[in-house]
Amino acid sequence: MITSPQNERVKLVRSLQSQTKVRRELQRLVLEGARLIRDAFHAGYLPDFLLYTADATLPGKAGAETLSLFQSQNVPCFLTSDQVMASAADTQTPQGLIAVFPLPTHHITLPLTLALILDGVADPGNVGTILRTAGAAGVGAVFLAPNCADPYNPKALRAGMGAHFRVPIRIVTWAQIRAECQELLVYVADGQGTVRYDQIDWVRPSALIIGGEARGAASEAWKWAGNSAAIPMSNASESLNAAAAAAVILFEARRQRG
């Protein structure tokens, strides 16, 4: 049993949980809980190792099945004390299972017909929720401009509910975004947009830009986009949450595409 928070694997987990730089250098992320861990496995990924507590893997619990699954795949699995699990976990109430996985890699299926671009979305929970929505709406790729929250932040991973392993994600420059989406009609979601979101022909190859929570899309996005998509609102509301706006527009696109 691992009983010391200074164990090298535990220290690695804490670094990956808290530091974007470490995640990018090592190309690794941390998942907590049986559901997220099994989602990654079913998407074709095996963890480098698994930490677990005795309570989480009692017979009949989801953790027991997960532990057995990875032991059968010869994944190194380490029993830890509850105190060590608490020190490694990002959540207030750990589920007793933590695994270190490689960052997911996806090839974008061409031709790209529906892309989502996040610009300045700073809240990791919003980023994760938007990725979950993008996966459900059939988005072909999600591009994150450099000023977005890290999509592999623990909060973003929990909010994404496995979408990180199903949707191609690119953290790129504006020049790279323009190159990848050069064949698409580009719209910025904006409360004062020029066209209602449900009057846009989303069957045509398109890209949607969702701006940050506080300031909306940056000037770089506006210089590039040809149009802006508005969601009509009542009761003097000025704007929607970034994740809510993405859901409304993306599912209109899905509806039109059948």
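The values are calculated or read from the model by the stated rules, or taken from the named source; none is laboratory data. From a predicted model like this one, the values you see are computed outputs, not experimental measurements. Reconstructed Cβ throughout: ideal geometry from the backbone, glycine too, with neighbour counts over all protein chains shown. Side chains included, ligands, DNA and RNA excluded: accessible areas come from the protein's heavy atoms. Shrake-Rupley method; radii C 1.70, N 1.55, O 1.52, S 1.80 Å.
Quick one: is Ala40 of a type in the set (Gly, Ala, Ser), surrounded by 20 or more Cβ atoms within 10 Å (Cβ to Cβ) and closer than 30 Å to Cys181 by Cα? Yes.
Filtering segment 1-31 to residues that are under 15 Å from the mean Cα position of the chain (by Cα) and open to solvent by less than 20 Å² (accessible area, probe 1.4 Å) leaves Gln17, Arg23, Leu29, Val30, Leu31.
Selection of segment 63-82 for residues being open to solvent by less than 60 Å² (accessible area, probe 1.4 Å) and either at pLDDT below 95 or of a type in the set (Gly, Ala, Ser) (or both) yields Gly63, Ala64, Ser81. For segment 1-13, check the following and say yes or no: at least one residue is free of Cβ contacts under 8 Å to residues at least 40 places away in the same chain and within 21 Å of Thr105 (Cα to Cα). Among the residues of segment 1-13, not one is free of Cβ contacts under 8 Å to residues at least 40 places away in the same chain and within 21 Å of Thr105 (Cα to Cα), which makes the answer no. Candidates are the residues of segment 173-191 that are touching a residue at least 24 places away in the same chain (Cβ under 8 Å) and among the small types (Gly, Ala, Ser); the one that is farthest from Leu118 (Cα to Cα) is Gly191.
Among strands (runs of 3 or more DSSP E) entirely within segment 161-257, having at least 1 residues that are among the polar types (S, T, N, Q) singles out 206-211, 227-230. Hey, does segment 8-25 have a residue that's more than 23 Å from His164 (Cβ to Cβ) and modelled with pLDDT under 95? Checked against the condition, which is being more than 23 Å from His164 (Cβ to Cβ) and modelled with pLDDT under 95, segment 8-25 yields no hits at all. Filtering segment 218-234 to residues that are open to solvent by 20 Å² or more (accessible area, probe 1.4 Å), over 20 Å from Ala253 (Cα atoms) and small (Gly, Ala, Ser) leaves Ala218, Ser219, Ser234. Among the residues making up segment 152-169, those that are without any contact (Cβ under 8 Å) to a residue 60 or more places away in the chain and either in contact with a Ser or Thr (Cβ under 7 Å, 6 or more places away or on another chain) or farther than 20 Å from Ile249 by Cβ (or both) are Ala156, Ala159.
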